[in-house]
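Accompanying notes for the structure given below.
Coordinate-derived values only; no laboratory data. The structure displayed is predicted, hence computed values, not measured ones. Ideal geometry is used to build each Cβ from the backbone, glycine not excepted, and the neighbour counts take in all protein chains shown.
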Amino acid sequence: MKVTTKLWIGLAILIILSPLGLVVPEHFKAGSAWGEWGVDEMQKLVGYIPQGLEKLASIWNAPIPDYSFKGWEEKGLPHLSFAYIISAIVGIGLTVVVVMLLGKMLAKKDD
Amino acid sequence: MARERNWISKINERREVMHIPDGYLGPATCGFFYVVMAPIWALASKVVKKTLNAKQVPLLAIGAAFSFVVMMFNVPIPGGTTGHAVGGVLVAILLGPWAASIAITVALVVQALLFGDGGITAIGANCFNMAFVLPFAGYYIYKAISYNAPVDSNRRVIAAGIAGYIGINIAAALAGVEFGIQPLLHHTANGQALYCPYGLPVALTAMVGEHMLVFGWVEAIVTALVIQYLQKQAPELLDPSANAQGRSRACRGIEEGRARP
């Protein structure tokens with residue numbers, strides 16, 4: 001088997017395992033960082049919400065926010081894990097297509 | 001249910017610290033890093049145009065995909081924050097820092113636009129940290145330590161691990177500085193911060209501390225393990241004399257599914 005084929009298979013396995021990146025932090029109650037990224041938590045921690053931050057924070061509405069589908073916030077961990085895998089497939093698929101196109105444009109044709 | 005709601009809302013507010021979100025950097029910092037990155041991206045395309053072989057393109061795509069998925073594996077510090085490896089040092093070792101820079105940039109832009117992972121205003125800064133400084137620092141540390149070592153030597157595995165560890169820690173320190181200077185740059189008359197409210201001591205300590213303790217090791221292990229795997233499976237990818245011709249020979253080796261004779 002070609003090495004590239006083996007590496008693609010390795011990637012597919014990583015994608016299937018990716019929900020570990022969601023479930024394991026939850027298990028250890030790890031979430032927000034120093035800085036507590038939620039606006040409410042910041043209010044508690046710093047005593048105010050920085051004005052610029054509040055304005056800029058929602059400047060962009062991502063179509064698949066935080067690797068989860070809109071409206072799925074209330075669903076359980078299995079649903080979120082499924083969304084995480086779909087997100088990985090979509091995101092990695094798009095990344096691969098863009099790099100392939102860029103590569104084809106840039107790379108030398110010789111061998 | 002209340003408890004469940006609580007952890008769900010927590011997941012959705014889940015943010016790791018390496019991807020700087022919108023709102024934490026002021027316009028000056030955001031603009032500055034876009035301006036800094038523009039010539040780096042241009043130069044990267046120029047260098048890649050000269051050095052990258054058509055047959056290496058799939059490997060570059062695999063590298064970008066690898067970096068993307070590795071960044072999805074959030075690793076917890078129990079009760080505290082989460083973080084992740086970037087995988088960028090590995091891509092730099094295999095394809096050079098300029099090609100790695102392009103691959104990681106694409107992954108970061110897709111993460112920001114599609115998933116809101118990293119702010120769109122912070123794409124310049126995030127790319128500077130993770131798609132420029134990280135692969136370049138890692139690449140030259142690897143080169144320095146593995147200098148002249150045989151392709152199958154343990155020194156290469158160790159060099160890869162050290163390069164991964166230091167590379168991600170430098171990137172984390174940069175993010176810490178970028179966060180930490182915000183209260184100095186932007187504040188109201190009565191001293192309230194406008195963007196990231198945490199100063200240098202807090203931001204830098206948190207970023208570097210977490211990466212030295214946990215996430216740096218993840219990057220180190222990931223980088224070292226893959227290099228060890230490739231030593232057996234595709235040693236031609238690690239050939240130190242990999243000039244343009246050597247690389248193309250190496251790639252032909254991959255195409256034909258055999259190791260270098």
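Things to note:
- Charges were assigned to the Cβ only: +1 to each Lys and Arg, -1 to each Asp and Glu. The resulting dipole of chain A about its Cα centre is roughly 560 debye.
- Extension gain from B:Val36 to B:Tyr147, taking 0.36 nm per residue of separation minus the Cα-Cα distance: 36.9 nm
- Calculated [222 nm] ellipticity per residue, helices only, for chain B: -21000 deg cm²/dmol; basis is -39500 (n - 2.57) per DSSP H run with n ≥ 4, divided by all residues, nearest 500.
- Once the Cα atoms are used to define both axes, helix B:244-255 deviates from the longest principal axis of chain B by about 90 degrees.
- Stretched out straight at 0.36 nm per residue, the stretch from B:Thr205 to B:Ala54 would grow longer than its current Cα-Cα span by 50.0 nm.
- Of the DSSP H helices in chain A, those whose Cα atoms cover at least 20 Å axially and whose Kyte score averages -0.5 or more: A:3-17, A:77-106
- Protection-proxy order for peptides B:126-132, B:212-218, B:109-115, each taking the mean of Cβ atoms within 10 Å per residue, highest first: B:126-132, B:109-115, B:212-218
- From the alpha carbon centroid of region B:176-218 to that of region A:46-111 is 24 Å.
- Rounded tilt (10° steps) of B:154-180 against the dominant C-alpha axis of chain B: 20
- Label point of A:Tyr48 set 7 angstrom out along Cα-Cβ; within region B:191-229, amide nitrogens under 11 Å from it belong to B:191-195.
- In straight-distance terms, cross-link reach from B:Lys55 covers every one of the lysines whose alpha-carbon lies under 28 Å from its own, apart from those fewer than eight places away in the same chain; here that gives A:Lys2, A:Lys6, A:Lys104, A:Lys108, A:Lys109, B:Lys46, B:Lys143, B:Lys232.
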